[in-house]
1. Residue 372 fails exactly one of the following numbered conditions: (1) out of contact with any helix residue (DSSP H, G or I) (no Cβ under 8 Å at 6 or more places or on another chain); (2) under 26 Å from residue 22 (Cβ atoms); (3) among the hydroxyl-bearing types (Ser, Thr, Tyr). What is the number of that condition?
2. Go through the range 103-131 residue by residue and tally those that are surrounded by 20 or more Cβ atoms within 10 Å (Cβ to Cβ) and in contact with a Phe, Trp or Tyr (Cβ under 9 Å, 6 or more places away or on another chain).
3. With the condition kept exactly as written, say whether any residue in the range 302-318 is modelled with pLDDT under 85 and more than 28 Å from the chain's Cα centre (by Cα).
4. Mind checking which residues of the range 66-96 are β-branched (Val, Ile, Thr), over 15 Å from the mean Cα position of the chain (by Cα) and at pLDDT 85 or above?
5. Tell me, which helices (runs of 4 or more DSSP H) lie completely within the range 12-116 with 2 or more residues that are of a type in the set (Val, Ile, Thr) and within 24 Å of residue 370 (Cβ to Cβ)?
6. Quickly run through the range 180-196 and pick out the residues that are at pLDDT below 75 and either surrounded by 11 or more Cβ atoms within 10 Å (Cβ to Cβ) or hydroxyl-bearing (Ser, Thr, Tyr) (or both).
7. Which condition breaks for residue 357 when tested against (1) closer than 30 Å to residue 326 by Cα; (2) β-branched (Val, Ile, Thr); (3) open to solvent by 70 Å² or more (accessible area, probe 1.4 Å)?
8. For a quick check of your reading of the model, give me the residue pairs whose first member lies in the range 271-291 and is touching a residue at least 12 places away in the same chain (Cβ under 8 Å), whose second is part of a helix (DSSP H, G or I) and surrounded by fewer than 22 Cβ atoms within 10 Å (Cβ to Cβ), with beta-carbon atoms closer than 6 Å and at least 6 apart or on different chains.
Amino acid sequence: MRKELTPHQVVEMLDRYIIGQREAKRAVAIALRNRWRRRNLPTELRDEVSPKNIIMIGPTGVGKTEIARRLAKLASSPFIKVEASKFTEVGYVGRDVESMVRDLLDLAINSVRLEEQDNLEAQVEGLAIEALLDLLLPPTPQPPPPIGDSGVSAPLVPPSPEKKEQKDPKERGAQAGIATREKFRKMLLEGKLNERKVELEVNETRGQPFVEIFTGGSMEDIGTGLKEIMGSILPQKKKRKMVSVKEALAILKSEEMLNLLDMDKVIRIAIERVEESGIIFLDEIDKIVGSETPHGPDVSREGVQRDLLPIVEGSTVNTRYGMIKTDHILFIAAGAFSASKPSDLIPELQGRFPIRVELDSLERDDLINILTVPENALLKQYEQMLATEGVKLVFKKEAITEIADFAVQVNEKTENIGARRLYTIMEKLLEDISFDAPALTGSKVVIDAKFVRRKLADTIEDEDLSRYIL
C-alpha cells in the first residue's frame, strides 16, 4: 500500500462505487492502513502484529462483497471470495478449508505472471521477429576458411593497398542479405506478409493423462502435480506445420516468452504478496453456525469452524509451490445472521474476528443513488450498452424514483435481496427496448414514470407473479 493512501482517501475512493455503509468502509480502511504501518515497524515487532479480521453483518445486496473486492483492487492485493458453506469438516465429502489458500496463491501467480509478461513483451517481440525472419530468409552459411597444404587453415593475408578499395564479393553479398532482411522486417511490421505461409516446428498437444481422476477434495493438487511429472519425464513431441506468418509470430512469441519467463521469480513474488497482503473474503459465514443438536449436519458445521480456526489464527499451508504462512492474510467474513448471531460462532473463532460492523439495509434514497451516483451506476451501464447500437436512452428523474419505489415494494413483499433487486427490475423494464435495439438505431428513447408504471405495475401488484419474475 502506498504511504499517501490514508484511511480518508480509501473511504473517498470506495464512495465512488459504493453507496452508504460508512462504518464498514472506515473499518476496512483502517485495516488496510494497518498493513502499511506493520511493514514500517522494526523487524522484531513486525511479526508480532497480526491483522484485525473483520465480520460484516447485514442482509444480502447491501455491499459487503463489493467493499471487500474494491478494497483488494485499491491495494493491488491478491483477493479471493469463497462461500464458507461449501466447506465441510475433515472426513465429510467436500472441499477442505486449506483449498482457499491454494486458490489465492494460484490467482496471485497468474497476476504476477501477467505483470512479468508485460515487462518482457518488447524483448519477446523482438526475438520472435528475428526468429520469423530466419524462417523467411534462412541465413547464408559462411564458407569455411581456406585450407593450406598442411591441412591447417591458411593465415589471413591483408589485402594489398591497390586492391583495398575493391569490395570482396562475399562482403557485397552479406550487405545485400542485410538489406533484404531489413526490407522483409519492414514488410512484416506493416502486416504485408501476414497471409504468407511458412513451415514451423510446433509442440504436439497431448491428451489429458489418466491420473486426472485423482483430483478433487484434499487431493486436488495431485492431478496437476502428476501431469507436471509426466510432462517432465516424457519428451515433448514436435511436428512441422504450415501456418500463416501472423500465426507463426504468435507461436514464436509464446515460445520465447516461455524461455524468458522466470517462473521461480514469479512464484517467489506471488508467495510474498499472498503472505503479506492477501485478502480472503469468507461469505455466508452464518451458514456454518451450528445449534445445540449434537448430531446431524450441525456436527459438520461446527467442524468447519474448527478447521477454519488454525487458518485464520495463522498456520502453514502446504501447496504445490511451497509453504504458505497465513499469519498476516486479512480475513473479512460476512453473513446476514438472520437466524443466528456472531456470538453463536465457537468462542475461539469469534476471538479471531475482533472487528464487527453492521451494514444498513437500503432505503429508497439509497437505491436512487445506486442507480445514478457511482461511476459504474446501473443506469450509466444501460445507457452505454444501448449506445453501442446507436440508441440514445434517457431516464427522467421521476422514472428513477419510480424504479426505486418498485424495488422497495418487491423487497418488502418477497425476499429482501437489496440492490440486486434493481437488476431484475431493470431487465424487465428494458426487455423490449434491448430486444428491438438493432432496429432502433439513430433513435432516442425516453423513460418516464408513465413508462415505468406501464411496464412494471401489473407484475408487482400480482404477488405470485412478482415472486417468479422479479
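The values are calculated or read from the model by the stated rules, or taken from the named source; none is laboratory data. These numbers come from a predicted model, not from an experiment. Methodologically, a virtual Cβ is constructed for each residue, glycine included, from the backbone with ideal geometry; neighbour enumeration extends over all protein chains shown. Heavy atoms of the whole protein, side chains included, go into the accessibility calculation; ligands, DNA and RNA do not. Shrake-Rupley method; radii C 1.70, N 1.55, O 1.52, S 1.80 Å.
1. That leaves (1) as the condition not met.
2. Quick first cut of the range 103-131, residues surrounded by 20 or more Cβ atoms within 10 Å (Cβ to Cβ) only: 104-105, 108-109, 112, 124, 128.
Cutting the leftovers down to in contact with a Phe, Trp or Tyr (Cβ under 9 Å, 6 or more places away or on another chain) gives us 104-105, 109.
The total comes to 3.
3. Step one: list which residues in the range 302-318 are modelled with pLDDT under 85, which gives 302-304.
Narrowing the set further to residues that are more than 28 Å from the chain's Cα centre (by Cα) leaves 302-303.
Looking through the range 302-318, at least one residue is modelled with pLDDT under 85 and more than 28 Å from the chain's Cα centre (by Cα).
4. Of the range 66-96, the ones β-branched (Val, Ile, Thr) are 67, 80, 82, 88, 90, 93.
Then keep just the ones that are over 15 Å from the mean Cα position of the chain (by Cα); that gives 67, 88, 90, 93.
Matches in the range 66-96: 67 only.
5. Numbers: elements: 22-39, 43-46, 64-75.
In the range 12-116, 64-75 are the helices (runs of 4 or more DSSP H) which contain 2 or more residues that are of a type in the set (Val, Ile, Thr) and within 24 Å of residue 370 (Cβ to Cβ).
6. Pass one, the range 180-196, residues at pLDDT below 75: 181, 184, 188, 190-195.
Scanning the range 180-196 gives 181, 184, 188, 192, 193, 194.
7. Exception for residue 357: condition (3).
8. 284/85; 287/85; 288/301; 289/344; 290/298; 290/301; 290/302
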